[in-house]
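Quick notes on the structure that follows.
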Amino acid sequence: MNSDSDKRINSRLPNAAFVVLIDAPTHSDILLEPKDISLGGFMVMLHDKPEIGEVIPCSIDILNQVFDGFKMTVVRVGEEDSDPPSWATGMSLEIPENILAEFKAALKKAFPDLERDGLSAG
C-alpha cells in the first residue's frame, strides 16, 4: 500500500521532468523543488517565513523513488523581493540511517555528473 506522501507526489506530477521534489505538507501545499542540492541539505522557496532552527518533517522524491521519514532543519532564511513575499530557506537534512545508502545511490543516479565530494555529508 502506498503511503500518503507516495500518493500525493505521484498523483500531482506523474510525468513531471523534476528530478527531486520535497513534500513538506506542514509548510507548503505544493511540492517544493530544491536548489543547490547536496547530501547535507538544499535551498527551497517558502511563502511563509520559517524560524531558524525549526524542524520540518518531509518526504523526498528522487526520480519517482519516494523516501519517507526525513527531517529538515531551517538553517538560513532570506526574504526574496517578490509579491507575494517568499523566503529563500536553507535547509540541513537529517537522513535516516536505515536508508542512507539507498538515498545516496538515488542522488548519484539523479546527478551523475556530481563529483564524489558533492555527495558527501561532510
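Just so you know, all these numbers are worked out from the coordinates, no wet-lab data involved. Here the structure is a predicted model, which is why all the values come from computation and not from measurement. Virtual Cβ from ideal backbone geometry, glycine too; neighbours counted across all protein chains shown.
At-a-glance table
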item	result
Scope region 41-54; condition exposed (fewer than 15 other Cβ atoms within 10 Å of the Cβ) and at negative phi; matching residues	H47, D48, K49, E51, I52
Qualifying residue in region 99-107 (condition: aromatic (F, W, Y), surrounded by 15 or more Cβ atoms within 10 Å (Cβ to Cβ) and touching a Gly at 6+ places or on another chain (Cβ under 8 Å))	no
Subset of region 71-101 [among the basic types (K, R) and farther than 14 Å from K35 by Cα]	K71
